[in-house]
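Let me begin by presenting the structure, written as structure tokens, before commenting on it.
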Amino acid sequence: MKVAIMGAGISGLSCAITLERNGIEPTIFEKRSRVGDRFINAEAMFDILNRPIKDCLGYIREKFNIDLQPISDVDKLIVHSKNEVSSIQGKIGYTNLRGRHENSFERQLEKQLKRKIIFNSSYEYETLCKEFDFIVLATGDGQYSSNLGNYRCDLTCTIVGATVVGDFIKSNPHVWFNYDIIPKGYGWLIPFSEKEANLVIAYPDYPNNIKLDRDKMWSRFYELASSDLNQSLKIRDSFQITRYMMGICLRPKIDNTYFIGNCFGTISPGLGFGQFASILTGVYCAYDILGIEKYEKLVKPLFENYNNSLVLRRYLENLTDDKLDAIVKNLDNKLIDNLIDRLCDNNTSLDILKYLTPIMKLANKINSN
């Protein structure tokens, strides 16, 4: 059985590890010169977005024997709006590294793989189809899915970020919702050491946003973050991603071609992260190739989670700064603060996003009329 995996990111490597441990040696093609050959960025895994799973990394470790070490547990998420600041506390997730850092998830997965990766690959899908029994598309975005007419793009977004130097608490990331500065988008700061963090803004490419001066938007947010953290943040590295597609494939598998990771559509439109789902698609794809379970059946919950997250994205976009202020202020309301902290903690399996989706859909419908 000949299996080709296009892409050595977290979904492709998770697929390869699972196949390898079950007696199949896939051929892995990566167009870059090494695993994680891109800018360093910190990301987060919030368990509340992946319910009913309680502990994402623990689940991956126990169920699939894939061991990933985070930067830190998240025990406090600090939420900023235009005029308010509050926090959510408890065991609410993890932060981790991506990219060329030696401790990135990609590099950690590579160390768990025995098979050699073919780097600087120029192989194309059409060629591999003729040479392999199964093709796994794990190329990191939805372009291949789109080229094959198998992708629903719901929005594109622009991401601007930098590595900043300062004084940070690793377990305390920050998120900002301030539409005066980042219309319909958000910003975040995720520390990956006591002295380094990623500072990032992300916003949808709607016509009114495209008209805005991207550099000015970034400069205003950088000044806001520096002020809120009460320190001068020194920028060391910076990056930009424009017109990044956010969507989901129409079919997870066509003939003997599998769509996994961002080719499947694992990025959450709500808040932008999707690493847990990306790893799941890699493992589930391997299970199908191995004849253990059907890929289409295994990924059904991921379709539902994506669509619920899209409703959250539309809901957030319909809010105003005044409404965001009210929501953030209530996070520290004495009557509901403890309840919110408990619902976000990974000790509960309650799927909050699922149960709130009908309410958000109704609110979105009212706002659209």
The lone condition Val328 fails out of (1) open to solvent by 20 Å² or more (accessible area, probe 1.4 Å); (2) touching an Asp or Glu at 6+ places or on another chain (Cβ under 8 Å); (3) among the hydrophobic types (A, V, I, L, M, F, W, C) is (1)
#### Entry: Yes/no for Asn96 being in contact with a Leu (Cβ under 6 Å, 6 or more places away or on another chain) and closer than 27 Å to Arg38 by Cα
no
Of Asn103, Asn50, Asn65, Asn120, the only residue that is surrounded by fewer than 18 Cβ atoms within 10 Å (Cβ to Cβ) and at negative phi is Asn103
Of (1) within 16 Å of Thr266 (Cβ to Cβ); (2) more than 16 Å from the chain's Cα centre (by Cα); (3) open to solvent by 10 Å² or more (accessible area, probe 1.4 Å), Gly9 fails just (2)
Within the stretch 91-148, residues free of Cβ contacts under 8 Å to residues at least 60 places away in the same chain and either in a helix (DSSP H, G or I) or in contact with a Phe, Trp or Tyr (Cβ under 6 Å, 6 or more places away or on another chain) (or both) come out as Gln108, Lys111, Glu126, Thr127, Lys130, Asn147
Scanning the stretch 132-151 residue by residue, those surrounded by fewer than 16 Cβ atoms within 10 Å (Cβ to Cβ) and within 30 Å of Lys216 (Cβ to Cβ) turn out to be Gln143
Here the qualifying pairs (Cβ atoms under 7 Å; residues six or more apart or on different chains; first in the stretch 62-90 and closer than 30 Å to Ile17 by Cα; second modelled with pLDDT under 95 and assigned to a loop (DSSP other than H, G, I, E, B)) come out as Ile71/Phe192
Of the residues in the stretch 152-179, those that are over 17 Å from Phe39 (Cβ atoms), of a type in the set (Ser, Thr, Tyr) and either open to solvent by less than 10 Å² (accessible area, probe 1.4 Å) or in a strand (DSSP E or B) (or both) come to Thr156
Scanning the stretch 306-334 for residues that are among the charged types (D, E, K, R) and not in a helix (DSSP H, G or I), the one farthest from Gly187 (Cα to Cα) turns out to be Lys334
Scanning the stretch 180-191 residue by residue, the ones that are in contact with a helix residue (DSSP H, G or I) (Cβ under 9 Å, 6 or more places away or on another chain), open to solvent by less than 10 Å² (accessible area, probe 1.4 Å) and not β-branched (Val, Ile, Thr) total 3
Across the stretch 344-361, the tally of residues that are over 21 Å from the mean Cα position of the chain (by Cα), open to solvent by less than 80 Å² (accessible area, probe 1.4 Å) and within 24 Å of Leu57 (Cβ to Cβ) stands at 1
Any chance the stretch 217-237 includes a residue that's more than 13 Å from the chain's Cα centre (by Cα) and under 29 Å from Glu293 (Cα atoms)?
-> no
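The values are calculated or read from the model by the stated rules, or taken from the named source; none is laboratory data. What you are looking at is a predicted structure, and each value in this text was computed from that prediction instead of being measured. Virtual Cβ from ideal backbone geometry, glycine too; neighbours counted across all protein chains shown. Accessible surface areas use protein heavy atoms only, side chains included; no ligands, DNA or RNA. Shrake-Rupley method; radii C 1.70, N 1.55, O 1.52, S 1.80 Å.
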